[in-house]
1. Would you check which residues across region 121-151 are modelled with pLDDT under 90, part of a helix (DSSP H, G or I) and open to solvent by 40 Å² or more (accessible area, probe 1.4 Å) and list them?
2. May I ask you to list pairs of residues, at least six apart or on different chains, whose Cβ atoms are under 8 Å apart, with the first in region 160-173 being open to solvent by less than 30 Å² (accessible area, probe 1.4 Å) and the second being acidic (Asp, Glu)?
3. If you go through region 14-24 one residue at a time, do you hit one that is farther than 18 Å from Tyr135 by Cβ and either surrounded by 14 or more Cβ atoms within 10 Å (Cβ to Cβ) or at pLDDT 90 or above (or both)?
4. Taking only region 223-241 into account, find how many residues are aliphatic (A, V, I, L, M) and modelled with pLDDT under 60.
5. If Trp118 satisfies all but one of (1) open to solvent by 40 Å² or more (accessible area, probe 1.4 Å); (2) modelled with pLDDT under 75; (3) not charged (D, E, K, R), what's the number of the condition it fails?
6. Could you tell me whether any residue of region 242-252 is of a type in the set (S, T, N, Q), touching a Phe, Trp or Tyr at 6+ places or on another chain (Cβ under 8 Å) and modelled with pLDDT of 85 or more?
7. Please tell me if Ser96 is among the hydroxyl-bearing types (Ser, Thr, Tyr) and at pLDDT below 85.
Amino acid sequence: VLSPSAKYGLPTMMDKDILLYVGSLLMAEINKGRIPPKTVRFSGHDLMVTTNRETNGKGYKLLKNALERITGCLISTNIKTSDIQESHNFHILESSRIVRNSRDERRMVELEITVSDWFYNAMIGKEVLTINREYFRLRKPLERRLYELARKHCGRQAEWFITLENLKDKCGALSPLKKFRYQIREIIKTDHLPDYQIALDDKDKATFTNRYHTVRKLLGAAGGLPHLDDLPRITPATLRRAEKITGDAGTGWDYRALLEQFMAQLADGFRPNNANGAFIGFVKKKVATRP
């Protein structure tokens, strides 16, 4: 249960960026075999660049407000993290402070954050899921929530099915089902979601499809990488462009088959400077040279 700060209110979906960034710093240390402290220091500019925020004066003001909302929010839970059962009230962040401002005092040069025991235990126990960096480019809170649900329930599986009404409940949407259905269809049209595609049929059954499942299966069968997390990212925009190129050419090429071939090259060690540009070049060459 979340209890908002009387002064600042509840944290927003965009405020979660801060937790994801801090969590990534802790996990980086854990993956190196080191046990990190609960308190981390980092550059405010680095956080804003990584999470795709504006780096002007307005951006720093919004970041300060986000820190105040997260720090002031109280959680009541009995969820077990890292085999430790907790049943009490606590804040997600124990404290946050600006260590050093710029000369005009409008920009936070260095920040210091101390996470709660609950958050820290989840990191130490590695009870977290990795996310695609393109997640931070999603500007609609609903898109972000849909990605989180897909990452949790679909994961590396081929598909995940859910009724629209249950999806609405999981998203915490308060709008009528009719409006929620319209919002989902608009998101399906733009197809911005990293790693996953959504389809909605006439019976209100939503299907989340893993974009890379076939590629993962191919690489696993070939004795390659069991997953693609360490390979360069091919963005949804690049996939849509590749689909358009193969469709307009009328050659019968399936962009997904070309993606499999290209990802297999990446798995073999091919590392272009711009993976997305290299994939588009690969598709164009295939389309142009096919008899």
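1. Ile124, Arg133, Glu134, Arg137
2. From residues that are open to solvent by less than 30 Å² (accessible area, probe 1.4 Å), the pairs are Leu164/Asp204.
3. Initially, region 14-24 is screened for residues farther than 18 Å from Tyr135 by Cβ, giving none.
The answer is no, given that none of the residues of region 14-24 is farther than 18 Å from Tyr135 by Cβ and either surrounded by 14 or more Cβ atoms within 10 Å (Cβ to Cβ) or at pLDDT 90 or above (or both).
4. Step one: list which residues in region 223-241 are aliphatic (A, V, I, L, M), which gives 225, 228, 231, 234, 237, 239.
Still in the list and also modelled with pLDDT under 60: 225, 228.
Residues meeting the conditions: 2.
5. Of the numbered conditions (1) open to solvent by 40 Å² or more (accessible area, probe 1.4 Å); (2) modelled with pLDDT under 75; (3) not charged (D, E, K, R), the odd one out for Trp118 is (2).
6. no
7. Values: among the hydroxyl-bearing types (Ser, Thr, Tyr): yes; at pLDDT below 85: no.
No, not satisfied.
Per-residue answers, yes or no, for (1) at pLDDT below 85; (2) among the hydroxyl-bearing types (Ser, Thr, Tyr); (3) open to solvent by less than 40 Å² (accessible area, probe 1.4 Å); (4) under 20 Å from the mean Cα position of the chain (by Cα):
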position: Ser5; (1), (2), (3), (4): yes, yes, yes, no
position: Arg41; (1), (2), (3), (4): no, no, no, no
position: Val49; (1), (2), (3), (4): no, no, no, yes
position: Asn56; (1), (2), (3), (4): no, no, no, no
position: Asn65; (1), (2), (3), (4): no, no, no, no
position: Glu68; (1), (2), (3), (4): no, no, no, no
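The values are calculated or read from the model by the stated rules, or taken from the named source; none is laboratory data. Keep in mind that what you see is a predicted model, and the values were worked out from it rather than measured. No Cβ is skipped: glycine too gets one built from the backbone with ideal geometry, and neighbour counts run over all protein chains shown. Surface areas here come from the heavy atoms of the whole protein model, side chains and all, with no ligands, DNA or RNA. Shrake-Rupley method; radii C 1.70, N 1.55, O 1.52, S 1.80 Å.
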